[in-house]
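Presented below is the structure to which this report refers.
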Amino acid sequence: MLQGKKIILGITGSIAAYKIAHLTRLLVKEGAEVRVIMTAAATDFITPLTLATLSKNPVLQDTIASRTSGEWNNHVELGLWADLFLIAPASANTIAKMANGQCDNLLLASYLSARCPVMIAPAMDLDMYVHPAVKSNLDRLRSFGHLVLDAAKGELASGLNGQGRMQEPEDLLNEIRKALSKKKDLAGKTVLITAGPTHEAIDPVRFIGNNSSGKMGIAIADEALSRGAKVILICGPSSVKSAEGVMRIDVTGADEMFKAVKKYFSGSHIAIHAAAVADYRPAQRASQKIKKKDAALTIELEPTTDILKWCGEHKSKKQFLVGFALETENEIENARKKIRSKHLDLIVLNSLNDKGAGFAYDTNKVTLIGSNNKLARFELKSKQAVATDILDAVAKTIA
Ligand SMILES: Cc1cc2nc3c(=O)[nH]c(=O)nc-3n(C[C@H](O)[C@H](O)[C@H](O)COP(=O)(O)O)c2cc1C
């Protein structure tokens with residue numbers, strides 16, 4: 001399957017570097033052409049000799065290959081050569097440099113020159129992995145459209161137990177296979193996606209909102225883009241970045257989101273509503289900050305427009321409409337009712353009863369229900385992987 005595919009493996013200074021010897025062997029066995037680039041720190045963990053032997057190519061380390069002859073390793077050519085660039089293990093240091101466009105070694109120069117898909121497999125101790133600096137650097141890399149292969153949980157080299165282990169070579173191989181076999185099955189399609197919460201103003205400083213982070217809808221937008229779609233993302237307040245290339249319209253309230261949906265819905269082939277839109281908003285928005293008083297305060301709420309229902313009522317036969325349902329009881333029954341009442345083609349059900357699923361988590365556990373009432377249940381996965389499952393189901397149905 002990987003016959004003739006050109007893969008750069010970028011190795012950085014982590015104890016997990018030894019596992020890349022096995023990955024290199026697996027890739028070469030499948031027929032891939034592998035070039036290895038190592039940082040100076042990586043060579044403390046595994047020898048270039050091992051990787052040169054297994055990859056059947058000299059290992060590249062320095063921008064300048066020979067100071068006596070003036071020979072240098074051409075990072076631009078390497079960047080153009082590759083069909084895929086995997087940085088594994090990716091140290092916190094290299095992740096930070098990649099997120100900021102730093103370029104002080106051959107690995108980073110080649111990364112900045114790469115035109116191919118980039119995948120990053122972090123490896124580090126559990127506290128490093130959850131540090132806000134590392135998390136925001138990884139988010140930044142995701143926003144560039146790179147695939148971050150979330151570290152696994154388990155025993156770490158430090159002896160501690162937690163999240164930080166690089167994914168195993170066999171899992172990395174699978175991700176490489178997936179990335180290189182990715183179909184552009186949404187090419188020529190326009191996909192409209194709503195994501196995030198809405199904020200309904202009470203006064204100039206207060207609002208009614210909800211806990212949606214926007215991560216799920218944004219993961220779908222990024223995935224649709226990578227499958228060749230033109231993507232319009234209408235996003236409520238969210239700090240999560242979307243990939244370069246997604247047409248993102250940031251909105252605040254349900255009303256503003258509805259206006260944007262009305263503008264773009266008829267031009268879309270597929271509409272996926274992952275946003276957690278407020279059902280009610282304050283009937284009056286105070287023009288000045290409401291002053292604190294001793295008496296109780298009553299705020300009258302009025303219903304917002306049901307955006308999903310509106311799309312169901314206005315969709316053409318050629319449009320495919322996907323809704324989300326977050327249920328806390330009678331999940332399947334309620335989701336099936338929603339399919340019928342809102343004229344959906346597919347509903348993505350996530351339950352707050354599942355640990356690790358729903359708002360703010362990086363993972364989700366969903367059940368997809370089609371208009372034929374058939375169920376497909378999925379395990380707890382990263383939101384990126386869930387986005388792939390959802391778009392697989394959409395692409396299969398519209399094919
Ligand atoms: C024994 C040992 C293990 C290390 N493991 C990791 C690791 O798993 N992840 C990480 O981010 N840094 C780790 N480091 C620190 C990096 O090697 C260090 O930050 C280095 O500067 C990374 O350089 P590079 O990103 O250019 O490869 C480790 C250091 C030592 C001494």
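The values are calculated or read from the model by the stated rules, or taken from the named source; none is laboratory data. It should be emphasised that the depicted structure is a prediction, and the values quoted were computed from it without experimental measurement. Cβ: placed from backbone, ideal geometry, glycine included. Neighbour counts: every protein chain shown. Just the protein is used for accessible areas: all its heavy atoms, side chains included, with ligands, DNA and RNA removed. Shrake-Rupley method; radii C 1.70, N 1.55, O 1.52, S 1.80 Å.
Sub-8 Å Cβ pairs linking a first residue in the stretch 310-334 that is aromatic (Phe, Trp, Tyr) to a second residue that is surrounded by fewer than 20 Cβ atoms within 10 Å (Cβ to Cβ) and assigned to a loop (DSSP other than H, G, I, E, B), at least 6 apart or interchain, are 320/269, ordered by first then second residue. Residue selection: residue 265 fails the criterion of being open to solvent by 10 Å² or more (accessible area, probe 1.4 Å) and not β-branched (Val, Ile, Thr). When you look at residue 160, is it farther than 25 Å from residue 232 by Cα and open to solvent by less than 70 Å² (accessible area, probe 1.4 Å), yes or no? In short, no. Among residues of the stretch 251-272 that are over 19 Å from residue 342 (Cα atoms), those with a beta-carbon under 9 Å from a residue that is part of a helix (DSSP H, G or I) and not aromatic (Phe, Trp, Tyr) at least six positions away or on a different chain give the pairs 251/257; 251/259; 251/260.
Within the stretch 13-35, the presence of at least one residue that is assigned by TED's automatic domain parsing to the domain that holds residue 107, assigned to a loop (DSSP other than H, G, I, E, B) and over 27 Å from the mean Cα position of the chain (by Cα) is confirmed. Annotation: of all residues in the stretch 55-65 being away from the ligand (no atom under 16 Å from the Cβ) and within 21 Å of residue 113 (Cβ to Cβ), the one that is surrounded by the fewest Cβ atoms within 10 Å (Cβ to Cβ) is 64. Scanning the stretch 40-54 for residues that are assigned to a helix (DSSP H, G or I) and either open to solvent by 70 Å² or more (accessible area, probe 1.4 Å) or within 7 Å of the ligand (Cβ to nearest atom) (or both) gives 41, 42, 44, 49, 53. Restricted to strands (runs of 3 or more DSSP E) entirely inside the stretch 294-399, those with at least 3 residues that are within 21 Å of residue 195 (Cβ to Cβ) are 320-327, 346-351, 366-370. Checked against the criterion of being touching a residue at least 24 places away in the same chain (Cβ under 8 Å) and more than 9 Å from the ligand (Cβ to nearest atom), the candidates 15, 11, 20 yield just one match: 20.
Among the residues of the stretch 23-34, which ones are under 13 Å from residue 50 (Cα atoms) and either within 11 Å of the ligand (Cβ to nearest atom) or open to solvent by less than 60 Å² (accessible area, probe 1.4 Å) (or both)?
Listed by number, the residues that qualify are 23, 24.
The single condition among (1) out of contact with any strand residue (DSSP E or B) (no Cβ under 6 Å at 6 or more places or on another chain); (2) modelled with pLDDT under 95; (3) in a loop (DSSP other than H, G, I, E, B) that residue 238 does not satisfy is (2). Scanning the stretch 217-232 finds no residues that are among the polar types (S, T, N, Q) and more than 24 Å from residue 392 (Cβ to Cβ).
Among the candidates 145, 196, which residue alone is closer than 30 Å to residue 256 by Cα and open to solvent by less than 40 Å² (accessible area, probe 1.4 Å)?
Among 145, 196, only 196 is closer than 30 Å to residue 256 by Cα and open to solvent by less than 40 Å² (accessible area, probe 1.4 Å).
Taking residue 76, is it loosely packed, with under 15 Cβ neighbours inside 10 Å and away from the ligand (no atom under 16 Å from the Cβ)? When the stated conditions are applied, residue 76 passes them. Annotation note: of 120, 176, the sole residue that is among the β-branched types (Val, Ile, Thr), crowded, with 22+ Cβ neighbours inside 10 Å and free of Cβ contacts under 8 Å to residues at least 60 places away in the same chain is 120.
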